[in-house]
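Contents: one structure, followed by commentary.
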Amino acid sequence: MSTLAGAGRRKSRLGWNLLGLLVFVTAGFPLYWMLNTAFKPAKDAIDADPSLLPTGITLDNFTRALDIADFWGPVGRSMVVSLAVVVIGMVVGLLAALAISRFAFRGRKIVIVGILAVQMVPLVAMIIPVFLLLNDLGQYDRLTGLIITYLTFILPFTVWTLRGFIVNIPKELEEAAMVDGCSRTGAFLRVVFPLLAPGMVATSVYGFIQAWNEYLYALMLLSQKNQTATVWLGNFTTKHGTEYAPMMAGATMMAVPIVALFLLVQRKMAAGLTAGAVKG
């Protein structure tokens, strides 16, 4: 019986490993194909019978991508917008999550339901009202207007996620610190805030990726001279067709900041994701 049970566990483990491998290949193949196309000669990128393996390596596509249009301007604007969204979103979201999770006030459940309801609204459905509102406020074609817009759909997720982390931190830790002489603010900074670090890192990375990769609102709310990095990729589609190899080279360069950020915070992010179960 033990032999049969051991064989069954090995088969089950093998099945899960194969499933995990399938998911990895499915999710990783587009990234591999982007890198493969970015480094192959441009003529091979439009070959009717493409090769799965690189047939040659060249950096000409990156040079072409930088020559087609200004690269550093859009990347700089995307970086400014993304960092501003993360910083403002974390400050406001942390205070809101702390209020919702630690204080009882009238309408608390309505606020929580409202946060969830906002996340259910499709972003495409709000683009015309957002455009009209920003135009009336004089924020059309301004990075500040784009930052405000991004905050409207990143803040609800930030608040809800940070609430889950705060709820999982026992109130007794704060109360013990206050008994030892700390104020409520001091107890939060000395006890709760360090425990929230992994969750804040994971939430910040999500917000940064969302702001960095967003395309539709950046296209509709900014002119050509103020375009962000995602809109910049549209320059590779002209009346003569699409230059796929330079486009993939540009996409590769755009992915570098995200990969670098993830490598820097991967340990904190992994800890935050495993500690982020929502309780209550």
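Here are the numbers for the structure shown:
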quantity: Lysine pairs within the chain, Cα separation less than 30 Å, 8 or more sequence positions apart or different chains; calculated: 8
quantity: Space enclosed by the convex hull of the alpha-carbon atoms of segment 2-57, per residue, Å³; calculated: 96 Å³
quantity: Ordering of 66-73, 160-167 by packing [mean C-beta count within 10 Å, highest first]; calculated: 160-167, 66-73
quantity: Additional length obtainable on full extension of the chain from Val91 to Ile57, 0.36 nm per residue less Cα span; calculated: 7.7 nm
quantity: If the convex hull is drawn through the Cα atoms of the chain, its volume per residue in Å³; calculated: 218 Å³
quantity: Per residue accessible area in Å² of segment 69-241, where ligands, DNA and RNA are left out and the probe is 1.4 Å; calculated: 52 Å²
quantity: Charge tally in the Cβ shell below 14 Å around Ile147, where Lys, Arg are +1 and Asp, Glu are -1, Ile147 excluded; calculated: 0
quantity: Rounded, prolate or oblate (a/c below 1.5 giving rounded, otherwise prolate when a/b exceeds b/c) for segment 91-184 by Cα gyration tensor; calculated: prolate
quantity: Principal-axis tilt of helix 127-136 within the chain, Cα atoms, nearest 10 degrees; calculated: 80 degrees
quantity: R0 of 22 Å, Cβ-Cβ distance Thr144-Val121: FRET efficiency to nearest 0.05; calculated: 0.45
quantity: Cα→Cβ-extended label distance, 7 Å offset, between Asp67 and Ala197, nm; calculated: 4.8 nm
quantity: Residues with amide H under 5 Å from that of Thr242, placed H, sequence gap 5 or more; calculated: none
quantity: Formal net charge of residues neighbouring Leu59 (Cβ-Cβ distance under 13 Å; K, R +1; D, E -1); calculated: 0
quantity: 5 angstrom amide H check on Ile169, placed H, neighbours 5+ away; calculated: none
quantity: GNM result for the chain, Cα springs below 10 Å: residue of Leu261, Leu35, Leu19 fluctuating most strongly; calculated: Leu19
quantity: Around Pro246: net Lys/Arg minus Asp/Glu count, Cβ-Cβ under 12 Å; calculated: -1
quantity: From phi via Karplus (6.51, -1.76, 1.60), per-residue ³J(HN,Hα) for segment 197-213 in Hz, x at Gly/Pro; calculated: 3, x, x, 5, 5, 4, 5, 5, 4, 4, x, 5, 5, 4, 5, 5, 8
quantity: Protection-proxy order for peptides 192-201, 49-58, each taking the mean of Cβ atoms within 10 Å per residue, highest first; calculated: 192-201, 49-58
quantity: Acute angle (nearest 10 degrees) that the helix 2-39 long axis makes with the longest principal axis of the chain, alpha-carbon atoms; calculated: 50 degrees
quantity: Carbon and sulfur %, accessible surface of the chain computed with the full protein complex present, 1.4 Å; calculated: 70 percent
quantity: On Cα atoms only, tilt of 143-167 relative to the major axis of the chain in degrees; calculated: 50 degrees
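The values are calculated or read from the model by the stated rules, or taken from the named source; none is laboratory data. Treat the numbers as computed from the prediction; the structure is a model and nothing was measured. All Cβ positions, even for glycine, are placed from backbone atoms using ideal geometry, and neighbour counts span all protein chains on display. Note: areas computed on protein heavy atoms with side chains; ligands, DNA, RNA excluded. Shrake-Rupley method; radii C 1.70, N 1.55, O 1.52, S 1.80 Å.
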